[in-house]
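Asker: Have a look at this one before I ask anything.
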Amino acid sequence: MHDFAYSDGVLKCEGMPVQEIARNNPTPFYLYSYHTLVEHYRKLKAAFAEMDPLICFSMKSSSNLSICRALVNEGAGLDIVSGGELFRALKAGCPPEKIVYASVGKKEEEIAEAIKKKINLFNVESVPELIMIDTVAKKLNKKARVAVRVNPDVKADTHEYITTGTSENKFGIDLKTAEDIFDNANKYSNVELKGVHVHIGSQITDPAPFVDAISKVLEFVDERSISIEWINIGGGLGIVYSDEKATTGDEFASYILPLLRGRGLKLILEPGRFIAGNAGILVCKVLYVKTGATGKKFIIVDAGMNDLLRPSLYEAYHRIVPLVERKAEPRRYDVVGPVCESGDYLALDRDLPEVVPGEYLAVMGAGAYGFVMASNYNSRPRPAELMAYKGEVRTIRAAESYKDLIRGEKILKELK
Ligand code: LLP
């Protein structure tokens, strides 16, 4: 479900023509639907309702303050991976007791800050990190609550860059080492081992690897009679970008809840893409259409890999649609950006009705890992983020200016 659809021949977001929004705002820009965002959260929450889960939105997928706040207002917590995300999470008004913190490389200062701010749980990813958390907590004369992120060695069928749960990946702790940690819990006197965490990858539409991973973790907990309060089953729930089979929150829950029922555990989920992915689009303008020597046609738009990196980095598929619907014989195009890299594209060999310079295109499913992965490469200011909110379009992050590009830079006086 999402709130971007054609009606009366034009693409609308929550009933508002995107074409009009594009006329009033310089392109490229991200456009989110508040309604889609909160509906996705509510549906997942309802699907797992019998366990009253804490859903910590994975803010690495989309960390705009309004997006986080919209979800926090619904009762969500946040899954963070850095001191910067902790800062944002608190600015967004997230209660610290709803924050969980993963990352293989937490720095001492980041750990100290998170302990002082009293976050709910660190998802610890190695023994040296656990020792560091214990040491920092001791110095602060505090206790740190920790969940052990186990690596269940389960392969999920997704892009190799976004699989995290096999023994080849840098994430989590193997089961043998996790066992040692729980056996020697009293060695870490300023740490409370409160839970286990597992996250096997991203954009996984098949429930089977989740079932495998969670079963392995529970078997581990049962066999060693480990006493924990929380089980965090991570994120990774896939969405529809092209022809994937949609798996609903209810379907996921129907596979996962039977494993967890009756154990008295508190449940955390960390979805990012499932909530934000289809709640946002990238709107860009066609600058030129050109035909190469071989007859290949290029649509050159004003958004590039610096605005949306996923196609270039993962060969990810994003649907691209004109804002004005038409039934014309499709032509085959590469949709490319202005960045000076051959890998700068939004789509290759894509069939679209004939496109003309000056018209707008929407890149669908850009709400997760879109703006957050944008960069200033080629000195391109990052685009604005807009949100459709109850019948109005509001700016939730202004487009960057040229001045923003040089913030903090200076010419050495010796060079002047
Ligand atoms: N929890 C942990 C520990 C994670 O590492 C991640 C994502 C999530 C939750 C949220 O995963 P999600 O529900 O969004 O799948 N940039 C890539 C995705 C990287 C995912 C990293 N970890 C992309 O554009 O596909």
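Bear in mind that the values in this text are calculations on the coordinates, not laboratory data. Every value quoted in this text rests on a predicted model; they were computed, and no experiment measured them. Quick reminder, even Gly has a Cβ in these numbers, built from the backbone with ideal geometry, and neighbours come from all protein chains shown.
Asker: How far is the Cα center of region 211-272 from the Cα center of region 372-414, in Å?
Answerer: The two parts, judged by their Cα centres, are 37 Å apart.
Asker: Ok, one more. Place a point 7 Å from Cα of residue 341 in the direction of its Cβ. Which residues in region 281-316 have their backbone N less than 13 Å from it?
Answerer: Only 304-316 fall inside the zone, counting backbone N under 13 Å.
Asker: To test your reading of the geometry: what angle, between 0 and 90 degrees and rounded to tens, separates the Cα axis of helix 207-223 from the longest principal axis of the chain?
Answerer: 10 degrees
Asker: For residue 20 paired with residue 225, estimate the spin-label separation in nm (one decimal), with each label point 7 Å from Cα along the Cα-to-Cβ line.
Answerer: 6.8 nm
Asker: Once you have the Cα-Cα distance between residue 176 and residue 400, take 0.36 nm times their residue separation minus that, and quote the gain in nm to one decimal. Show your work: numbers first, answer last.
Answerer: On the way: separation 224, 0.36 × 224 = 80.64 nm, distance 4.83 nm.
Between residue 176 and residue 400, full extension yields an extra 75.8 nm.
Asker: Counting only C-alpha contacts under 8 Å and six or more residues apart, can you give the relative contact order of region 33-276 as a whole percent?
Answerer: Details: 473 pairs, mean separation 52.2, N = 244.
Relative CO of region 33-276 lands at 21 percent.
Asker: Hey, another quick one. Helix 127-139 sits at what angle to the longest principal axis of the chain, using alpha carbons and giving 0 to 90 degrees rounded to 10?
Answerer: 70 degrees
Asker: Which distance in nm do the two modelled labels at residue 117 and residue 42 give, with both placed 7 Å along the Cα-to-Cβ direction?
Answerer: 2.9 nm
Asker: Further question: Per-residue ellipticity at 222 nm for the chain, helices alone: DSSP H runs ≥ 4 residues times -39500 (n - 2.57), over residue total, nearest 500 deg cm²/dmol?
Answerer: Numbers: 12 runs with 112 residues, N = 416.
It lands at -7500 deg cm²/dmol.
Asker: Place a point 7 Å from the Cα of residue 50 along the Cα-to-Cβ direction; which residues of region 240-276 have their backbone N under 18 Å from it?
Answerer: 248-269
Asker: Which residues' amide hydrogens lie under 5 Å from the amide hydrogen of residue 348, considering only partners 5 or more residues apart or on another chain, with H built in the peptide plane?
Answerer: 335
Asker: Arrange 226, 111 by Cβ neighbour counts within 10 Å, fewest through most, would you? Mind dumping the intermediate values first?
Answerer: Working: 226 18, 111 22.
If I rank by nearby Cβ atoms, fewest first, I get 226, 111.
Asker: Another question, if that's okay. What shape does region 27-78 take by its C-alpha gyration tensor, where a ≥ b ≥ c are the square roots of the eigenvalues and a/c under 1.5 counts as rounded, a/b above b/c as prolate, and the rest as oblate?
Answerer: Because a/c hits 1.5 or more and a/b exceeds b/c, region 27-78 counts as prolate.
Asker: Write down the percent of antiparallel bridges among all DSSP beta bridges whose residues are both part of the chain, to the nearest 5. All intermediate terms of the calculation are to be shown ahead of the outcome.
Answerer: On the way: 34 of 70 bridges.
Here the antiparallel bridges make up roughly 50 percent for the chain.
Asker: Same structure again: Which whole-number percentage describes the relative contact order of region 219-358, with Cα contacts under 8 Å and a sequence gap of 6 or more?
Answerer: Numbers: 197 pairs, mean separation 30.1, N = 140.
Taking the mean separation of contacting Cα pairs over the length of region 219-358, I get 21 percent.
Asker: Got a sec? How would 265, 346 order by Cβ neighbour count within 10 Å, fewest to most? Intermediate results must be reported in sequence, preceding the final value.
Answerer: Values: 265 18, 346 27.
Fewest-to-most Cβ neighbours within 10 Å comes out as 265, 346.
Asker: Assuming a ≥ b ≥ c are the square roots of the Cα gyration tensor eigenvalues, decide whether the chain counts as rounded (a/c under 1.5), prolate (otherwise, with a/b larger than b/c) or oblate. Walk me through the numbers on the way to the answer.
Answerer: Values: a/c = 2.00, a/b = 1.62, b/c = 1.24.
Cα axes put the chain in the prolate bin.
Asker: Tell me the net charge near residue 378. Cut-off is 11 Å between Cβ atoms, residue 378 excluded, with +1 for each Lys or Arg and -1 for each Asp or Glu. All intermediate terms of the calculation are to be shown ahead of the outcome.
Answerer: Values: positive: 380; negative: 307, 341, 344.
Here the count lands on -2.
Asker: Per residue of region 227-243, what does 6.51 cos²θ - 1.76 cosθ + 1.60 with θ = phi - 60° give for ³J(HN,Hα)? Whole Hz please, x for Gly and Pro, Karplus curve as stated.
Answerer: 9, 9, 9, 10, 10, 10, 9, x, x, x, 4, x, 10, 8, 9, 10, 10
Asker: At 0.36 nm per residue, minus the direct Cα-Cα distance, what do residue 1 and residue 392 gain on full extension? Give it in nm, one decimal, please.
Answerer: Numbers: separation 391, 0.36 × 391 = 140.76 nm, distance 2.03 nm.
138.7 nm is the gain from fully extending residue 1 to residue 392.
Asker: Taking Cα pairs under 8 Å and at least six residues apart, what relative contact order does region 1-104 come out at, in percent?
Answerer: On the way: 114 pairs, mean separation 19.8, N = 104.
Rounded, it is 19 percent for region 1-104.
Asker: Quick one: Cα centre-to-centre distance for region 1-67 and region 82-97, in angstrom?
Answerer: Cα centroid of region 1-67 versus Cα centroid of region 82-97: 21 Å apart.
Asker: Roughly what would the spin-label model give for residue 372 and residue 359, points 7 Å off Cα along C-beta, in nm?
Answerer: 3.4 nm
Asker: Another question, if that's okay. How far is helix 249-260 tilted off the main Cα axis of the chain, in degrees rounded to 10, range 0 to 90?
Answerer: Helix 249-260 sits roughly 10 degrees off the main axis of the chain.
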